[in-house]
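Reviewing the structure listed below.
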There are 2 protein chains.
Amino acid sequence: MTTTQEHRSVEERRDQLVDAALAVLRDEGVAAVTTRAVTSRAGLPHGTFHYCFATKPALFRAVLERQLRTAMAAAFATDTAALAPEARITAGLTAHLDTTRADPATALALVELFALARRDPGLQDVADWEQRAYVAAVRAHLEAWTDDRRFRWTAPPETLARLLVALADGVSTAWLQDRDDAAAAATIALAARTTATLVDGSAS
Amino acid sequence: MTTTQEHRSVEERRDQLVDAALAVLRDEGVAAVTTRAVTSRAGLPHGTFHYCFATKPALFRAVLERQLRTAMAAAFATDTAALAPEARITAGLTAHLDTTRADPATALALVELFALARRDPGLQDVADWEQRAYVAAVRAHLEAWTDDRRFRWTAPPETLARLLVALADGVSTAWLQDRDDAAAAATIALAARTTATLVDGSAS
DNA sequence: GTCTATAGCATGATAGAC
DNA sequence: GTCTATCATGCTATAGAC
């Protein structure tokens, strides 16, 4: 009988460490995400770290990539095809806010991590990609909405998508600060009301 | 002749250290703002730190308070009284973006610092105050615009103020990521166009 | 692959001479 | 008040036994 841990593939280890890193991040913030804290949270010896990730920034990159995938999946999970444009916009902005509300501590920590990534030359591409992917996804949705020809947008989809992403971001940021559900709902309702003026057609 | 530094009031020293902290913050990010880096940048011995600030968070507090004052002053510096509502909104959102554009490195670093402040129980009140002060200032402006009775808002000023702050925040965040001036201008123009639909009156 | 031990360095904070 | 020297701790990363 040895105390040696079972063999696991490096990829499994990496996932395990990313999980642990997210947990530390949520509970104690970016500054507390040290190689020691992560391995300790994962229940692994410290030495594990450096044969799974070359450096600490490499772990951050893995965390950001994981986050990007989950956030994209969550943001567009609900189907709003049956709704009128204004209600769809409300639903979309609310869905984004809901992911923030579902786990504010993680959302707050991810803001910290993204801020760090934007400054780190080795991580900027992940931050870039995250924004691009978001705008592109929103734009694709906006264009799909007009496929049935019942209405059209009176503004370029790209610009409208950027506006909606900026709104979703700003509203979530504000909510993270004051946790005021009613105010956030009112802001979203007003945003949807004004944005719906860009609809031209029978459904408007 | 001694090498001893001249006496300066503690308040002067504190200002000196806050300046240095902002410089380090801008150049190397939050993680690089150590007591040693700050005193060294200020050209002062390390020991200076702890008789000006009790702890490092106390320095961060001072930096945030300074930042709040300068940001508020800059954001509402330009007088837009002569403009119609839509142009005023464009001017306001552009003014906010311009402070970001004038010094992106500092803006990026302050995002990091605010993210940290939102998580630190000892600094949350500064972050709270910053948001409240911003919304209140925008709301005051919105209400002042209707003083001449030439138009009125068809939405509550508080909600409209929150919407505009969320927009300004989201637009600046997006610009910090892609540095796309044209896209930011288009987003602001569209935001102003939709928001101006909330104007009821002769000036609309 | 797995783990222990440790190198090598930076940190926040303090003690104590002047 | 001012400054030097230092303490105790924590960090990333690596070397090397198994």
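The values are calculated or read from the model by the stated rules, or taken from the named source; none is laboratory data. If you're wondering where the values come from, they're calculated on a predicted model, not measured in any experiment. Quick reminder, even Gly has a Cβ in these numbers, built from the backbone with ideal geometry, and neighbours come from all protein chains shown.
Select, from A:73, A:62, A:77, the only residue that is of a type in the set (A, V, I, L, M) and buried (at least 16 other Cβ atoms within 10 Å of the Cβ). Walk me through it before giving the result.
Values: A:73 fails: buried (at least 16 other Cβ atoms within 10 Å of the Cβ); A:77 fails: buried (at least 16 other Cβ atoms within 10 Å of the Cβ).
Testing whether each residue is of a type in the set (A, V, I, L, M) and buried (at least 16 other Cβ atoms within 10 Å of the Cβ) leaves just A:62.
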Review point. Within the set of pairs 6 or more residues apart or between chains, which connect a residue that is at pLDDT below 95 inside the stretch B:1-21 to a residue that is away from DNA strand C (no atom under 15 Å from the Cβ) and among the charged types (D, E, K, R) with Cβ atoms less than 9 Å apart?
Key: none
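Does residue B:114 satisfy the condition of being within 14 Å of DNA strand D (Cβ to nearest atom) and among the aromatic types (Phe, Trp, Tyr)?
In short, no.
Yes/no per residue for (1) within 28 Å of residue A:130 (Cβ to Cβ); (2) touching a helix residue (DSSP H, G or I) at 6+ places or on another chain (Cβ under 9 Å); (3) of a type outside the set (Phe, Trp, Tyr); (4) without any contact (Cβ under 8 Å) to a residue 12 or more places away in the chain:
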residue: B:136; (1), (2), (3), (4): no, yes, yes, no
residue: B:140; (1), (2), (3), (4): no, yes, yes, yes
residue: B:156; (1), (2), (3), (4): no, yes, yes, yes
residue: B:165; (1), (2), (3), (4): yes, yes, yes, no
residue: B:168; (1), (2), (3), (4): yes, yes, yes, no
residue: B:187; (1), (2), (3), (4): yes, yes, yes, no
residue: B:200; (1), (2), (3), (4): no, no, yes, no
Exercise for review: Go through the residues of the stretch A:71-93 one by one and say whether even a single one is of a type in the set (Gly, Ala, Ser), more than 14 Å from chain B (Cβ to nearest Cβ) and within 16 Å of DNA strand C (Cβ to nearest atom).
Suggested key: no
Point to revise | Which numbered condition residue B:99 misses (of (1) closer than 16 Å to residue B:68 by Cβ; (2) at the interface with chain A (Cβ under 10 Å from one of its Cβ atoms)) | key: (2)
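Which residues, counting only those in the stretch A:130-140, are more than 10 Å from chain B (Cβ to nearest Cβ) and within 17 Å of the chain's Cα centre (by Cα)?
Of the residues in the stretch A:130-140, the ones more than 10 Å from chain B (Cβ to nearest Cβ) are A:133, A:136-140.
Across the stretch A:130-140, the qualifying residues are A:133, A:136, A:137, A:138, A:139.
Based on what the data block shows, is residue A:118 of a type in the set (Lys, Arg) and surrounded by 15 or more Cβ atoms within 10 Å (Cβ to Cβ)? Steps first, please.
Working: of a type in the set (Lys, Arg): yes; surrounded by 15 or more Cβ atoms within 10 Å (Cβ to Cβ): yes.
Yes, satisfied.
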Review point. How many residues are closer than 13 Å to residue A:116 by Cα, crowded, with 21+ Cβ neighbours inside 10 Å and within 14 Å of DNA strand D (Cβ to nearest atom) if we restrict to the stretch B:18-49?
Key: 0
Review point. Within the bounds of the stretch A:1-17, is there any residue that is away from DNA strand D (no atom under 16 Å from the Cβ) and buried (at least 18 other Cβ atoms within 10 Å of the Cβ)?
Key: yes
Exercise for review: With respect to residue A:113, determine if the residue is of a type outside the set (D, E, K, R), in contact (Cβ under 8 Å) with a residue 60 or more places away in the chain and part of a helix (DSSP H, G or I).
Suggested key: yes
Review point. Given the conditions (1) over 23 Å from residue B:108 (Cα atoms); (2) surrounded by 18 or more Cβ atoms within 10 Å (Cβ to Cβ); (3) at pLDDT 95 or above, which single one is not true for residue A:175?
Key: (1)
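Assess whether residue B:163 counts as being surrounded by 23 or more Cβ atoms within 10 Å (Cβ to Cβ), out of contact with any strand residue (DSSP E or B) (no Cβ under 6 Å at 6 or more places or on another chain), at negative phi and not hydroxyl-bearing (Ser, Thr, Tyr). Reasoning before the result, please.
Values: surrounded by 23 or more Cβ atoms within 10 Å (Cβ to Cβ): yes; out of contact with any strand residue (DSSP E or B) (no Cβ under 6 Å at 6 or more places or on another chain): yes; at negative phi: yes; not hydroxyl-bearing (Ser, Thr, Tyr): yes.
Against the criterion (surrounded by 23 or more Cβ atoms within 10 Å (Cβ to Cβ), out of contact with any strand residue (DSSP E or B) (no Cβ under 6 Å at 6 or more places or on another chain), at negative phi and not hydroxyl-bearing (Ser, Thr, Tyr)), residue B:163 qualifies.
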Practice item. Return a yes/no flag: does the stretch B:160-179 have any residue that is more than 8 Å from every other protein chain (Cβ to nearest Cβ) and either farther than 20 Å from residue B:73 by Cα or not in a helix (DSSP H, G or I) (or both). Key: yes
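Return yes when residue A:142 is in contact with a strand residue (DSSP E or B) (Cβ under 8 Å, 6 or more places away or on another chain), closer than 16 Å to residue B:171 by Cβ and outside any strand (DSSP E or B) and no when it is not. First the steps, then the outcome.
On the way: in contact with a strand residue (DSSP E or B) (Cβ under 8 Å, 6 or more places away or on another chain): yes; closer than 16 Å to residue B:171 by Cβ: no; outside any strand (DSSP E or B): yes.
For residue A:142, the condition - in contact with a strand residue (DSSP E or B) (Cβ under 8 Å, 6 or more places away or on another chain), closer than 16 Å to residue B:171 by Cβ and outside any strand (DSSP E or B) - is not met.
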Check your understanding: Inside the stretch B:21-55, can you point out the residues that are within 14 Å of chain A (Cβ to nearest Cβ) and near DNA strand C (Cβ under 9 Å from one of its atoms)?
Key -> B:31, B:32, B:33, B:34
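Of B:55, B:39, B:48, B:34, which residue is touching a Phe, Trp or Tyr at 6+ places or on another chain (Cβ under 7 Å) and under 23 Å from residue B:8 (Cα atoms)? Explain how you work it out, then say what you get.
On the way: B:55 fails: touching a Phe, Trp or Tyr at 6+ places or on another chain (Cβ under 7 Å); B:48 fails: touching a Phe, Trp or Tyr at 6+ places or on another chain (Cβ under 7 Å); B:34 fails: touching a Phe, Trp or Tyr at 6+ places or on another chain (Cβ under 7 Å).
B:39 is the lone residue from the list that is touching a Phe, Trp or Tyr at 6+ places or on another chain (Cβ under 7 Å) and under 23 Å from residue B:8 (Cα atoms).
Looking at the stretch B:149-157, can you tell me whether even one residue there is facing chain A (nearest Cβ under 8 Å) and either within 16 Å of residue A:194 (Cα to Cα) or outside any helix (DSSP H, G or I) (or both)? Step through it out loud before you land on a result.
First, the residues of the stretch B:149-157 that are facing chain A (nearest Cβ under 8 Å): B:155-156.
From what is left, the residues that are either within 16 Å of residue A:194 (Cα to Cα) or outside any helix (DSSP H, G or I) (or both) are B:155-156.
Looking for residues that are facing chain A (nearest Cβ under 8 Å) and either within 16 Å of residue A:194 (Cα to Cα) or outside any helix (DSSP H, G or I) (or both), one finds at least one in the stretch B:149-157, hence yes.
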